[in-house]
């Protein structure tokens, strides 16, 4: 159960959100204005804030900036505005996600859970092991066959996400949303470039993968090398591998 704060001036919508979120097991507090929401978020910190933009006293974007000056509580912006430049500015200004009205309670609940899962305390997570690859989220360290790998922060986050989903095909759009925090989407090339750098550090290539396998038009799968697979091996047979330039999805 998460403790949520819903900042929304429309009483009908506010009431509907409270009922729907409580039905899904959350504890919900509300505020009808920006300043009331800011005060509630500071005095009784919730696990997450759902923040409307069109508030009667202060624009939600300004509330977000003021909140970020004093708190790192996760914030999902809920708004009828869907202009991409504004959404990008809000995400860069500290929002963790956004959702465009009208939306269903199930979609909002899913986004709340995704944000809390992504921002949850990594110190509680045990090291992730796939074959000879060990990813330690708490220490933010990676070893391959006992050898430490020097990864950039983004490379680490990408590899950790793929390792958590080991054996599953992960779409590039999911990686952009979860690793790059770009729910609006971005270019597949962003993911492809980082995958290329990761492959190099893992001692493999797109043509001869060991851990990172491209599934054309779908995404990427991380899996343990098969018997006899080495740095120069051909990887698992039967998987549709990418070329030097990763295939898009």
query = When the chain is treated as a GNM, springs tying every alpha-carbon pair under 10 Å, which of 45, 74, 11 comes out with the largest mean-square fluctuation?
reply = 11
Residue 139-residue 218 FRET efficiency (beta carbon distance; Förster radius 30 Å; 0.05 resolution) = 0.40
inquiry  = I'd like to compare 139-146, 1-8: which one has the highest average count of other Cβ atoms within 10 Å, and what's the full order after that?
reply    = 1-8, 139-146
task = With a Förster radius of 25 Å, plug the Cβ-Cβ distance of residue 118 and residue 169 into 1/(1 + (r/R0)^6) and report the FRET value to the nearest 0.05.
result = 0.80
query = How would you classify region 1-138 from its alpha-carbon gyration tensor, with a ≥ b ≥ c the square roots of the eigenvalues: rounded for a/c under 1.5, else prolate if a/b is greater than b/c, otherwise oblate?
reply = prolate
query = At what distance in nm do the modelled label points of residue 57 and residue 107 sit from each other, each positioned 7 Å from its Cα along Cα→Cβ?
reply = 3.0
Principal-axis tilt of helix 153-164 within the chain, Cα atoms, nearest 10 degrees = 80
ask   = Taking the Cα atoms only, what angle lies between the long axis of helix 188-202 and the longest principal axis of the chain, rounded to 10 degrees?
value = 50
inquiry  = Quick check on region 123-222: take the gyration tensor over C-alpha atoms, sort the square-rooted eigenvalues as a ≥ b ≥ c, and tell me if it's rounded (a/c under 1.5), prolate or oblate.
reply    = oblate
Within region 29-61: backbone nitrogen closer than 12 Å to the residue 70 label point (7 Å, Cα to C-beta) = 35-45
message = Taking a ≥ b ≥ c as the square roots of the Cα gyration tensor eigenvalues, with a/c under 1.5 meaning rounded and otherwise prolate when a/b beats b/c, else oblate, which class fits the chain?
response = prolate
task = Once you have the Cα-Cα distance between residue 44 and residue 92, take 0.36 nm times their residue separation minus that, and quote the gain in nm to one decimal.
result = 14.8 nm
key: Selected from 195, 158, 149 as most flexible by GNM, with the chain as the system and alpha-carbon contacts under 10 Å   = 149
task = Could you state the angle between the C-alpha long axis of helix 11-23 and the longest principal axis of the C-alpha atoms of the chain, as a value from 0 to 90 degrees rounded to the nearest 10?
result = 50
ask   = Based on the Cβ-Cβ distance of residue 80 and residue 197, what FRET efficiency does E = 1/(1 + (r/R0)^6) give at R0 = 51 Å, to the nearest 0.05?
value = 0.85
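Read-outs throughout are calculated quantities, based only on the coordinates presented, and are distinct from any laboratory measurement. No experiment lies behind these values; they were computed from the predicted model shown. Here the Cβ is made from the backbone with ideal geometry for all residues, glycine too, and neighbour counts use every protein chain on show.
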